[in-house]
Amino acid sequence: MTVRPPTLRDKRRYVLVRVDPPGTAIDQKELYYAVSDAVTSLWGDAVAAVIVQAVICAEGDYVVVRCRRGSERELAIALSTITRLCDIPVALRIIAASGTIDSLRDRMKTPAKASDETALTEECRFSGKECLVAHCDGQKVDVIEKGFKNTHRLFLTREDLEEP
Amino acid sequence: MKITDAAVCPYPNGDSSVRRLALEAEVLGFDSLVAIDTPSGRYGSVEVRSGLFIRNAGMKDVIAQVKRAKDSGAVISVKAGDAGFNRGVVGLRGVHILRGVHAADRNAFDHVTAKMAADNGVAIDIDLSIIIAGRGIARQRAIQRYRDVLVLERRFEFPLTLSTYAHSVLELRAVREISGLCSLLGMDIPDVERAFAGVERVTTPPKPSVRVIS
């Protein structure tokens, strides 16, 4: 089968999405199923066939999702209904939409690796409990309660942490 | 006009501190939040207003709690029940918002309650958490109920509020995303803007129509 000439191909748009909380392990296949499920359950099969959503790449905390040109709005609304990925609570924050993946790459922020590694070993106290810092970015601090039970991630700021 | 999320639940009800919720809300485009069971304050450029959510209570209980909280400056909201309860709540001085209409009976919010809400300046809340996290019949029913509420809103012009009811920063949504979600209910941009300003509208005391100059 010959490849279609560019003028006859579908026009596509690429949507750059940040996955919160930072550091979440992104399984591209699972994310594809999550996006597909969100689009189908919200808009139905007929509109999903028009949107033609696909997860193109996942780099760090960022994901590029493809759709047909003109259906970005529908895709964005569907993406905002994704709340879990592999049973982990997540939020997909839409950063930008573009006609090329290259232009979206410029908008991806690369996290400072060294600071993250040191942050992981840091301990702190919140609400009288010992916690481990899971992620730190400016004022934002994500901590995980120490222990075997109830080790939920808590989303705090530096001001919330108690003096040791 | 202030863009307000009419209900968030900070720690210990949720997993995010009120400061963090305010920080994220600022990034997502909000000017103020109503935080349930949390004292008021200002964090950065976001104003956090204290909120009281009365749920699973009888009419007597509601009256007592509203009486107690009336002068605290908190935004008082009550969970919707059956038609009689809702009429009673909407007619109660001090109640600002009626929540959870999507979960009440089909006829629990009718044209009589709508007229009373418009007369008394009580807002009806559109809880987006069910539209965001719900799937299938639950979400369809919520959309259907809210569409019905909007039909009454266009006729009687009672205030509306929008809330994400976020227990976590991950449950907050950007203003643009909320506009998109509201379009599912048939709301256009001016409707959404009016609903974002709903909390301000119901908590600001009405200006007297007659002003005595001397």
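Every read-out reported here was derived from the displayed coordinates using simple, explicitly stated rules and does not represent laboratory data. Fair warning: this is a prediction, and the values are worked out from it, not measured in the lab. Don't worry about glycine lacking a Cβ; one is built from the backbone with ideal geometry, like all the others, and counts go over all protein chains shown.
Find the Cα radius of gyration of chain A, compare it with 2.2 N^0.38 Å by division, and give the number to two decimals.
Numbers: Rg = 19.2 Å, N = 164, 2.2 N^0.38 = 15.3 Å.
Compared with the compact-globule rule of thumb, chain A sits at 1.26.
What is the ratio of the Cα radius of gyration of the protein assembly as shown to 2.2 N^0.38 Å, with N the residue count, to two decimals? Mind dumping the intermediate values first?
Numbers: Rg = 22.6 Å, N = 378, 2.2 N^0.38 = 21.0 Å.
Against the compact-globule rule of thumb, the ratio is 1.08.
Would you compute, for the Cα atoms of chain B, the largest minus smallest coordinate along each principal axis and list the three values in descending order, in whole Å?
Taking the Cα atoms of chain B, the three principal extents are 50, 41, 35 Å.
Return the long-range amide H neighbours of A:Val141 (sequence gap of 5 or more, or a different chain), with a cut-off of under 5 Å between placed amide H atoms.
A:Leu156, A:Thr157, A:Arg158
With all pairs of different alpha carbon atoms counted, what Kirkwood hydrodynamic radius in Å does segment A:1-43 show?
Working: mean 1/r = 0.0735 Å⁻¹.
Radius from the Kirkwood sum: 13.6 Å.
Taking amide hydrogens as modeled 1.01 Å from N in the peptide plane, which residues meet the under 5 Å criterion relative to B:Ile126, leaving out close sequence neighbours?
B:Thr161, B:Leu162, B:Ser163
Would you list which lysines come within 17 Å of B:Lys60, measuring only between C-alpha atoms, while excluding same-chain residues fewer than 8 positions from it?
B:Lys70, B:Lys79
Counting Lys and Arg as +1 and Asp and Glu as -1, each charge on the Cβ, what is the dipole of segment B:95-214 about the Cα centre in debye, to the nearest 20? It would help to have the intermediate numbers written out before the result.
Values: 16 positive and 14 negative charges, 18 e Å.
Computed charge dipole of segment B:95-214: roughly 80 debye.
Excluding A:Ile95 itself, what net charge comes from residues whose Cβ is under 10 Å from its Cβ, given Lys and Arg +1 and Asp and Glu -1?
Details: positive: A:Arg18, A:Arg93, A:Arg107, A:Lys109; negative: none.
Net of charged neighbours comes to +4.
Quick check on the protein assembly as shown: helices-only [θ] at 222 nm, where DSSP H runs of length 4 and up contribute -39,500 (n - 2.57) each and the sum goes over total residues. Nearest 500, please.
Working: 13 runs with 134 residues, N = 378.
Estimated from H runs of four or more residues: -10500 deg cm²/dmol.
Per-residue Cβ counts within 10 Å, from other chains only, averaged over B:10-21: what number is that? Mind dumping the intermediate values first?
Working: counts 1, 6, 1, 0, 2, 7, 7, 10, 2, 8, 10, 2.
That average works out to 5.
What's the average, rounded to a whole number, of partner chain beta-carbon atoms within 10 Å of each residue's beta-carbon in A:79-85?
Partner-chain Cβ atoms within 10 Å, mean over residues of A:79-85: 5.
If I take R0 = 41 Å and measure r between the Cβ atoms of A:Lys129 and A:Ile95 in this structure, what FRET efficiency does the formula 1/(1 + (r/R0)^6) give, to the nearest 0.05?
Working: r = 34 Å, r/R0 = 0.83.
Computed FRET efficiency for A:Lys129 and A:Ile95: 0.75.
To the nearest whole number, what is the average tally of beta carbon atoms from other chains within 10 Å of the beta carbons of peptide B:24-33? It would help to have the intermediate numbers written out before the result.
Details: counts 5, 0, 0, 2, 1, 0, 0, 0, 0, 0.
Taking all residues of B:24-33 together, the mean is 1.
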